Amino acid sequence: MEEPILRRTWAEIHLDRIRYNQENIRAIVGPECKVMGIVKADAYGHGAVMLAKTFLTNGANRLAVSSLDEGVELRQAKIDAPILILGHTAGERAKELIENDIDAAVFTYTDSKAFSDMAVMLERKVRLHIAVDTGMCRIGYVPCPDAVAAVKRISELPNVVMEGIFTHFSEADIMDKTWAHEQYGRFSDFIEKLTAAGVTFNVCHCCNSA
Ligand SMILES: *Cc1c(COP(=O)(O)O)cnc(C)c1O
């Protein structure tokens, strides 16, 4: 029996336009830059699996979600690109994280240690991305000498890959970019200090689509 139609609104997603947008992003950033397709919250309601596949076949290199469950959904759909969880992942979920080969954003030693311990136990590696709070005031290390020491301590944990470091612009969608540039300066400066302390990353990421 057919379901009665109770809703009078729906969203119709044209994948060819998603492809067009993705190709334009690739053209703007150039061939050297990596692009991470953001498919948080079911790709902001657009359908995460379909969008993830469309991004990846049209120039995106990686994906990001907001929670482990969203990441697992993509893995179950046979997507094997690197996936980062931008939100908090509790240390208690380390086993699922590692077994699904998903990257975690970290901003505490406690969680990082839990991921490292589980990676050692499973004889696998865990890829971490350090969240840096340059002004969004949501998650991340506030750049300061203590934070350099804290990140270095995480980097020394066994079976940890320092895959990335990132920050989030709080006002990317407004015309005046003064504050975004200030945040970018803080982010770059922090990365320089970490490099000087011997901590480096495979990818440093901050730009968002606004
Ligand atoms: C959501 C998010 C992004 C992506 O934002 P878009 O506007 O979808 O490009 C980037 N960085 C972080 C940390 C985020 O949480």
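All of the numbers you see were taken from the coordinates with simple rules; none came from a lab. Just so we're clear, the structure is a prediction, and the values are computed from it rather than from any experiment. FYI the Cβ positions are ideal-geometry reconstructions off the backbone, even for glycines, and counts take in every protein chain you see.
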Once both label points are put 7 Å beyond Cα along the C-beta direction, the ALA90-LYS78 separation in nm becomes 3.3 nm
When LEU15, LEU68, LEU194 are ranked with the fewest other C-beta atoms within 10 Å first, the list becomes LEU15, LEU68, LEU194
Using Cβ counts within 10 Å as a stand-in for footprinting exposure, how do THR167, THR89, THR9 rank, fewest first?
THR9, THR89, THR167
GNM, the chain, Cα, under 10 Å: largest mean-square fluctuation among ARG62, ARG138, ARG17?
ARG17
Report, in debye and to the nearest 20, how large the dipole of the chain comes out about its Cα centre when Lys and Arg carry +1 and Asp and Glu carry -1 on their Cβ.
240 debye
Using the beta-carbon distance between ASP189 and MET136 and R0 = 25 Å, what value does 1/(1 + (r/R0)^6) give for FRET efficiency, to the nearest 0.05?
0.90
As an exercise, use a Förster radius of 25 Å and the Cβ-Cβ distance of LYS125 and ASP42 to find the FRET efficiency, rounded to the nearest 0.05.
0.30
Mind giving me the nanometre distance, one decimal, between the label points for LEU6 and GLU171, set 7 Å out from Cα along Cα→Cβ?
4.4 nm
Tell me which trypsin sites (Lys or Arg not before Pro) from the stretch 140-201 have a DSSP coil assignment and no more than 16 other beta carbons within 10 Å of their own.
LYS177
